[in-house]
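So the structure is just underneath, and the comments pick up after that.
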Amino acid sequence: MLNRMAMVGVVLAAGSAVAAPGLLEIELNKLEPVERACRAYMIFRNQTESSFASYRLDLVLFGKDGVLAKRLVIEAAPLAAKKTTLKQFDIQGMACPDLGQVLLNDVTVCRDQGGERADCTAAVKLLTKGDVPFVK
């Protein structure tokens, strides 16, 4: 019995020694009306060990009625490792009150110090502070 408990302890210790990989959180923090556009403020919390030289988001915007309103690609890099960064983007031709949802369709380009990565869409966590859902 003692031998089995010791083996369980070794397995548990080995399992806890493996750190979960860090996430990159993107928060849709604020939408602000500006002349003929809606300004989106996004907070990028890069909790990974990677510094991204390119981090391109394919965003799909839906109106309050659920109908596709606009699609745009945004370059969010540079994103330093273990750093939080605020980025702002103007969505031309869209009024903030008309925006019903933002979909992260894909991370189309994701390049860190090791080169191109294919796991960036899966490794991102989305958050929102306002009334407009930010989903993937």
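The values are calculated or read from the model by the stated rules, or taken from the named source; none is laboratory data. Keep in mind the model is a prediction, meaning the values are calculated, not measured. Neighbour counts are summed over all protein chains in view; Cβ atoms, including those assigned to glycine, are modelled from backbone coordinates with ideal geometry.
Taken over region 55-91, the criterion of being of a type in the set (Gly, Ala, Ser) and surrounded by 18 or more Cβ atoms within 10 Å (Cβ to Cβ) is satisfied by ALA69, ALA76, ALA77.
For every residue, the table says whether it meets (1) in contact with a strand residue (DSSP E or B) (Cβ under 9 Å, 6 or more places away or on another chain); (2) charged (D, E, K, R); (3) closer than 20 Å to GLU27 by Cβ; (4) touching a residue at least 40 places away in the same chain (Cβ under 8 Å).
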position: LEU57; (1), (2), (3), (4): yes, no, yes, yes
position: LEU68; (1), (2), (3), (4): yes, no, no, no
position: VAL73; (1), (2), (3), (4): yes, no, yes, no
position: GLN88; (1), (2), (3), (4): yes, no, yes, yes
position: GLY93; (1), (2), (3), (4): yes, no, no, yes
position: LEU103; (1), (2), (3), (4): yes, no, yes, yes
position: LEU127; (1), (2), (3), (4): yes, no, yes, yes
position: VAL132; (1), (2), (3), (4): yes, no, yes, yes
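Elements of the type strands (runs of 3 or more DSSP E) sitting completely within region 49-136 and holding at least 1 residues that are more than 13 Å from the chain's Cα centre (by Cα): these cover 52-63, 68-75, 83-92, 99-112. Of the residues making up region 2-21, none is surrounded by 10 or more Cβ atoms within 10 Å (Cβ to Cβ), modelled with pLDDT of 60 or more and within 20 Å of the chain's Cα centre (by Cα).
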